[in-house]
Amino acid sequence: MDGKSISQAVIARLPRYYRYLGDLKDSGVERISSQDLSRLMKVTASKIRQDFNNFGGFGQQGYGYNVEYLYNEIAKILGLNEKHNLVIIGAGNLGQALANYMNFERRGFIVRGIFDNNPALCGKEIRGIRVQHIDTLEPFIRENSMDIAVLTIPKESAVRTAELLAGCNVKAIWNFAHVDLNVPDNIVVENVHLSDSLMKLSYGIVNK
């Protein structure tokens, strides 16, 4: 990529390409044209080619794209060829649901620890991982070098926890708390506001 900047819109489409290509690969499809991929994904063929050209192209005129090769290359771009250790902070319903989601491990995201401040949850096992008290979070991260912290806690706690995580050299935060976090630029933050998605659905319903 020669260090050039890739737009967020392109990056946002990469997981979707990866998902569709994975389905094609599992179905035994060996190659596909940008036109056929366009019809499947409802993305214009020219945009698909432009997106892939940001990373070298991958295609061959008159042949199209080798599905398995493109799938593997996008996996590398997304960092899915590496393992990523993560901790879940907040062992309530959402935290437990995320911990139980097996597809994360298939993508290389390995849950190493689960934390909460509720005594009723501490000691509970979720997929063989014992929930630890939040007071042990900092030493655990420092000793085990976590890449990603998942926050499924109230926004007031999330702000304080994000400050602690910044001091523990966590590389990224997947934030489900309803607050935008102020962390150093070297920490990647992905905010997931579930109510925002519902409001978009509501808009779609009333404006259909």
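The values are calculated or read from the model by the stated rules, or taken from the named source; none is laboratory data. Since this is a predicted model, take the numbers as computed values, not measurements. Cβ placement follows ideal geometry from the backbone for every residue including glycine, while neighbour counts extend to all protein chains displayed. Calculation scope for accessible area: heavy atoms of the full protein, side chains included, ligands and nucleic acids excluded. Shrake-Rupley method; radii C 1.70, N 1.55, O 1.52, S 1.80 Å.
Summary of values
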| read-out | value |
| --- | --- |
| For the chain: accessible area per residue (Å², 1.4 Å) | 60 |
| Stretchable slack from GLU125 to ARG49, in nm (0.36 nm times residue separation minus alpha-carbon distance) | 22.7 nm |
| Where labels lie 7 Å past Cα in the beta-carbon direction, separation of PHE140 and LEU78 in nm | 2.7 |
| The chain, relative contact order in percent, only Cα pairs under 8 angstrom and at least six apart counted | 13 |
| In degrees, nearest ten, helix 194-206 long axis to first principal axis of the chain (Cα) | 50 |
| Heavy-atom accessible area ranking, 1.4 Å probe, most first, across MET41, MET199 | MET199, MET41 |
| Extension gain (nm, one decimal) between VAL189 and ARG31, 0.36 nm per residue minus Cα-Cα | 53.4 nm |
| At R0 = 35 Å, FRET efficiency that the Cβ-Cβ distance of HIS178 and ILE110 yields, to 0.05 | 0.85 |
| Environment charge of CYS168, counting only residues whose C-beta is closer than 12 Å and scoring Lys/Arg +1, Asp/Glu -1 | -2 |
| With DNA, RNA and ligands ignored, accessible area of THR136 (1.4 Å probe; Å², nearest 10) | 60 |
| Portion, in percent, of the accessible area of the chain that falls on carbon or sulfur, probe 1.4 Å | 49 |
| R0 of 45 Å, Cβ-Cβ distance SER202-ASN118: FRET efficiency to nearest 0.05 | 0.90 |
| Helix 155-166 axis, angle to the chain major axis (alpha carbon atoms, nearest 10°) | 80 |
| Between helix 67-77 and the chain: long-axis angle, C-alpha atoms, 0 to 90°, nearest 10 | 40 |
| Estimated distance in nm for a label pair at GLU163 and ASN93, the labels positioned 7 Å out from Cα along Cα-to-Cβ | 3.1 |
| Of LYS83/LYS155; LYS25/LYS83; LYS76/LYS200; LYS25/LYS76; LYS47/LYS83; LYS47/LYS76, pairs whose Cα-Cα distance is over 24 Å | LYS83/LYS155; LYS76/LYS200; LYS47/LYS83 |
| Top of ASN117, ASN72, ASN54 by mean-square fluctuation, Gaussian network on the chain, Cα under 10 Å | ASN54 |
| Listed residues ARG106, ARG127, ARG112 arranged by accessible area, highest first, probe 1.4 Å | ARG106, ARG112, ARG127 |
